[in-house]
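Report on the structure given below.
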Amino acid sequence: MKIKIDHKTCTGCKQCEIICSLAHTGSVNPWRSRIRVYVGEEFCYPVIAGPYTEAACNSKGTRMVEGLEIDECVTCRASCPSKSVYKEPDTGIPLKCDFCGDPPNPQCVQWCAPNCLTLVEE
Amino acid sequence: MFGWNGKILRIDLTKGTSWVEAMPTYLMEEYIGGRGMSDRIVFDEIDPQIDALSPENKLIFSTGPLTGTGAPSASRFMVSAKSPLSNCVSSPCCGGYFGANLKYSGYDLLIFEGKSPEPVYVTILNDRVEIHPAKHLWGKESYETEKMIREDMKARFNLDNWALNSMGIANIGPAGENLVRFACIMSDGGRAAGRSGLGAVMGSKNIKAVASIGTGQVNIADVEGFRKAVMAFYKEARDSGDFYKRRRYGTWGLPGRANASKSQAAFNFKDGYFKKFVKYEDPEKIIELIRVRDEACFSCPFGCSKRSRIKNDPEYPLTAKGPEHETMALLGANCGLGDMNDLCSANYLCNELGMDTITTGAMISCAMELFEEGHLPEKDIGYPLEFGNTNMFMLLKQIARREGIGDLMAQGGIAFASQYGHPELFMGIKGMGIPAWHPQAFDALGLQYATCNTGGAHTKSTMPFYEGRKDPAFFVEFTKKDQDYLATADSGILCWIIYHGPEWGDKMAEWLNYVTGTGFTKETLDPLGERIWNLEKLFNMKAGVKEDTLPPRITKEPRVKNRVVPLDKLLPEYYEMRGWDKDGTPTKKKLEELKLEKEGEGVI
């Protein structure tokens, strides 16, 4: 299973960040969320936390999405030593999406009102 | 603590200091948050007699227990102060990301006192509150200001892209700096705490912007109950056709509706119909023409706000927020401007300069009528200004920068129209421009505007679409109830694009109970609105604003559907319904009932 993201329909409401932190920590704090939304002018870009990597990448650059240049770090799913996104703010422990249990029941998908996130078979 | 943080952040700009105070328990229990809390503080701490642009005025940013929790649309923050436009207490509301970030920083309220000796901007990162020089930002337009602050904060706090992006910034444009009396506080690239000129209050304190990014948390009492309730609301929202319309069109469905019901404010309220808007009666047309994408405030499942593409003109950016219906009506139909691209440009200009599009529209349409009638000579403006003339874009910039005739217009509609001998041609209430719907079209609307404590505001009561019902008693009761309801909703703070209807009181009590773990019900919430309304009225009376009036065009000239607003008949009934005297003074009995006897001292 995987969470499919249709960034064109994302409105930047960040309810996915809220429910992720609520479901995992019992309180609301987007900094403790495993999904994070980058809000752009032409479109928004939700990214789900992937695995932690020991080393920071050396190829940091920009990526083209829909004809727009965005910082590659924004679209990268990994947390690494040089990227604070996807780490617990107090402890620095890396966070990773767990699909909210087994069988997968991702809360962000359930709370995504514009249906930008959907759970699909791989 | 659940819901609330229980903390007030105070910043004394004169001394350049900040400190944190514990929130008094009664404020949370009796006034909840938002408008209730901040109005109470305005009443307690601001002398109603002061000049609103003096350092003695305070600027209060407030959130509520639901802000940032994920309760649908609970993103909003309220700004309160004494208004330089109406001299009344005023509390405009704004969406975006600022409110939630203030909450995540650990505060429910942010209060600015005094006046900084030189321009500053304030950054709040949890308990790290800093005041920085802002001379380099002074004179910059709203979006540029935000951009520069983001860059500065990136370096200062070592923030990554996501954090920078999540940050909330409230700022003023050149209009606020130049103390234009209808300047607004802008936030997040095109949202505004719009009415009543609080941007000028912010400018008078020499604050260019406040940026907040909070990494803290909000605790919820009943997490499971809350999650289920939100899911149930989503299900309802997905299945409901009415909700679908609100989500799909936002306020773009309204120009057509206003035109069809002949209630479109047009040509300085000389008409209730604007022919050029016929082509936009189907909102899909507007979507097709200008929409780029839907845009939501923090934690709103709707995304009713739209990002639009402006005509291909190097002066304007590729996309910008809006325009919302109020802007289309006041800067559009009311000024005779009927092209959607022009409307986008006018809206963008006002946002960048930081001016309330509604009062600005009322000012310009007044100038247009004065010009057409020959009262305002062309030599005073420098160019012709008939209805529909895009020279008005020049005028917008002149007002914000106080150049030429703009200097006089920046003083507000009454000062401007009086200078040319026709104060009655400014269509405003307590100095604030009348919003989009023509009061003569709906029976209760004139009464709602006239009695509104903050001047002619469109968010302090809803539009009564009750065509055909002739019973004035119904409308008077409707007006009172609705004003009280919305005062409570503003304390929640919930967005009434979503909670728009009779059931909202129960809904708010439900959210509040899940989040705070207290036992609110619709019945316990209802009196709160009435208490707030009376408190605001008492402040206004102490400030010397007593009359509830409408411009003579609305009460004497039958422009729409051949009728006028019979305010002289409706007002006594309304006062009676409120438990006030014949002249609109709250009675001792009423104040006792609302536990406001002490507050009424010196007024009744």
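No lab work stands behind these numbers, since they all come straight from the coordinates. This structure is a prediction, so every number in the text was calculated from the model and none was measured. All Cβ positions, even for glycine, are placed from backbone atoms using ideal geometry, and neighbour counts span all protein chains on display.
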| Given only helices, namely DSSP H runs of n ≥ 4 each adding -39500 (n - 2.57), what is the per-residue ellipticity at 222 nm of chain A, to the nearest 500 deg cm²/dmol? | -4000 deg cm²/dmol
| said: As an exercise, use a Förster radius of 45 Å and the Cβ-Cβ distance of B:N158 and B:K556 to find the FRET efficiency, rounded to the nearest 0.05. | reply: 0.10
| message | Let me make sure I get this right: for chain B, a, b and c are the square roots of the gyration tensor eigenvalues over alpha carbons, sorted descending. Under 1.5 in a/c it's rounded, otherwise prolate if a/b > b/c, else oblate. Which is it? | response | rounded
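Grab the beta carbon distance between B:T549 and B:T521, set R0 = 41 Å, and tell me the FRET efficiency rounded to 0.05. Write down the numbers at each step before the final one.
Numbers: r = 37 Å, r/R0 = 0.91.
Plugging the Cβ-Cβ distance into 1/(1 + (r/R0)^6) gives 0.65.
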| query | Can you give the average number of partner chain beta-carbon atoms within 10 Å of each beta-carbon in peptide A:18-31, as a whole number? | reply | 6
| note | Along principal axes, largest first, the alpha-carbon spread of the stretch B:1-158 in whole Å comes out as 43, 39, 26
| Residues of type aspartates and glutamates that B:K542 reaches as a straight line, Cα spacing below 18 Å, ignoring anything fewer than 8 places off in the same chain | B:D39, B:D44, B:E45, B:D47, B:D51, B:E56, B:D581, B:D583, B:E597, B:E599, B:E601
| query | When ranked by the protection proxy of mean other Cβ atoms within 10 Å per residue, highest first, what sequence do the peptides A:100-110, B:209-219 form? | reply | B:209-219, A:100-110
| message | Ignoring solvent entirely, what values of log10 I(q)/I(0) come out of the Debye formula for chain A at 0.14, 0.15, 0.16 Å⁻¹ when each Cα is a single scatterer? | response | -0.59, -0.68, -0.78
| query | Which one of A:V39, A:L95, A:Q110 has its Cα pushed farthest toward the positive end of the charge dipole of the stretch A:38-122, where Lys and Arg give +1 and Asp and Glu give -1 at the Cβ? | reply | A:L95
| query | Can you list residues whose amide H is under 5 Å from B:T521's amide H, if they're 5+ apart or on another chain and H is modeled 1.01 Å from N? | reply | none
| Once Rh for the stretch B:306-436 is found with the Kirkwood sum over Cα pairs, what is the Stokes-Einstein diffusion coefficient at 25 °C and 0.890 mPa s, in µm²/s? | 168 µm²/s
| task | Please report, in debye to the nearest 20, how large the charge dipole of the stretch A:18-122 is about its Cα centre when each Lys and Arg carries +1 at its beta carbon and each Asp and Glu carries -1 there. | result | 300 debye
| said: Show log10 I(q)/I(0) for the protein assembly as shown at q = 0.04 Å⁻¹, two decimals, from a solvent-free Debye sum over equal Cα scatterers. | reply: -0.14
| query | For the stretch B:453-604, what number results from the quotient of the Cα radius of gyration and 2.2 N^0.38 Å? | reply | 1.13
| query | In terms of modelled amide H atoms, which long-range or inter-chain residues lie less than 5 Å from the amide H of A:K87? | reply | A:L95
| said: How large is the direction-averaged shadow of the alpha-carbon convex hull of the stretch B:158-244, in nm²? | reply: 9.3 nm²
| task | Please list the non-local residues whose amide H lies under 5 Å from the amide H of B:S299, H modeled 1.01 Å from N, same-chain partners needing a gap of 5 or more. | result | A:K14, A:Q15
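Anything over 18 Å Cα to Cα? Flag those among B:K245/B:K306; B:K270/B:K480; B:K270/B:K321; B:K103/B:K306; B:K270/B:K397; B:K480/B:K569, in the order listed.
Pairs exceeding the cut-off: B:K270/B:K480; B:K270/B:K321; B:K103/B:K306; B:K270/B:K397.
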| note | Going residue by residue through the stretch A:62-77, the Karplus relation 6.51 cos²θ - 1.76 cosθ + 1.60 with θ = phi - 60° gives ³J(HN,Hα) values, rounded to whole Hz and with x marking Gly or Pro, of 10, 10, 8, 10, 6, x, 10, 8, 10, 4, 4, 4, 5, 8, 7, 7
| request: Evaluate E = 1/(1 + (r/R0)^6) for B:S54 and B:T390, where r is the Cβ-Cβ distance and R0 equals 41 Å; express this FRET efficiency to the nearest 0.05. | output: 0.60
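Could you put B:E141, A:E69 in order, starting from the residue whose Cβ has the fewest other Cβ atoms within 10 Å?
A:E69, B:E141
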| query | For the peptides B:279-286, B:488-495, what is the packing order when you average, over each peptide's residues, the other Cβ atoms within 10 Å and list the highest mean first? | reply | B:488-495, B:279-286
| message | In whole Hz and in residue order, list the ³J(HN,Hα) couplings for the stretch B:322-334 that follow from phi through the Karplus curve 6.51 cos²θ - 1.76 cosθ + 1.60, θ = phi - 60°; x for Gly and Pro. | response | x, x, 7, 4, 4, 5, 4, 6, 7, 7, x, 3, 5
| note | The exposure ranking of B:S38, A:S59, B:S187, fewest beta-carbon neighbours within 10 Å first, is A:S59, B:S187, B:S38
| Pair-distance profile P(r), taking every C-alpha pair of the stretch B:362-519, with 10 angstrom steps and integer % | 10, 29, 24, 21, 12, 3, 0
| remark: Going from the fewest other Cβ atoms within 10 Å to the most, one would list B:H422, B:H458 as B:H422, B:H458
| request: Take peptide B:223-230, look around each residue's Cβ out to 10 angstrom, count Cβ atoms belonging to other protein chains, and average those counts. | output: 3
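Once the other residues with Cβ under 12 Å from the Cβ of A:R34 are scored (Lys, Arg +1; Asp, Glu -1), what is the net sum? It would help to have the intermediate numbers written out before the result.
Working: positive: A:R32, A:R36, A:R77, A:K87, A:K96; negative: A:E17, A:E88, A:D98.
Neighbourhood net charge equals +2.
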| request: Please report how far the C-alpha centroid of the stretch B:402-463 lies from that of the stretch A:44-60, rounded to the nearest whole angstrom. | output: 53 Å
| In terms of Cα to Cα distance under 21 Å, which lysines are near enough to B:K205, apart from those fewer than 8 places away along the same chain? | B:K15, B:K58, B:K82, B:K115, B:K135, B:K140
| field | Distance between modelled label sites at B:R128 and B:S418, nm, 7 Å Cα→Cβ extension | value | 5.0 nm
| task | Select from B:T587, B:P552, B:Y514 the residue farthest towards the positive end of the dipole of the stretch B:468-604; place +1 on Cβ of Lys and Arg, -1 on Cβ of Asp and Glu, and compute about the Cα centre. | result | B:P552
| field | Protection-proxy order for peptides B:326-333, B:302-309, each taking the mean of Cβ atoms within 10 Å per residue, highest first | value | B:326-333, B:302-309
| request: Could you run the Karplus curve 6.51 cos²θ - 1.76 cosθ + 1.60 with θ = phi - 60° over the stretch B:144-161 and give me ³J(HN,Hα) per residue in whole Hz, x for Gly and Pro? | output: 4, 4, 4, 4, 5, 5, 4, 5, 5, 5, 4, 6, 5, 10, 6, 8, 8, 4
| note | Taking Lys and Arg as +1 and Asp and Glu as -1, residues besides B:E21 with C-beta under 15 Å from its C-beta add up to -2
| Taking every residue in A:38-45, how many Cβ atoms of other protein chains lie within 10 Å of its Cβ, on average? | 5
| task | Specify the inter-centroid distance of the stretch B:10-72 and the stretch B:191-209, based on alpha-carbon positions, in whole Å. | result | 15 Å
| request: Note down the net charge around B:E593, summing +1 for each Lys or Arg and -1 for each Asp or Glu among other residues with Cβ under 10 Å from its Cβ. | output: +2
| query | P(r) of the stretch B:242-281 in 5 Å steps, Cα pairs, percent per bin? | reply | 6, 26, 26, 20, 14, 7, 2
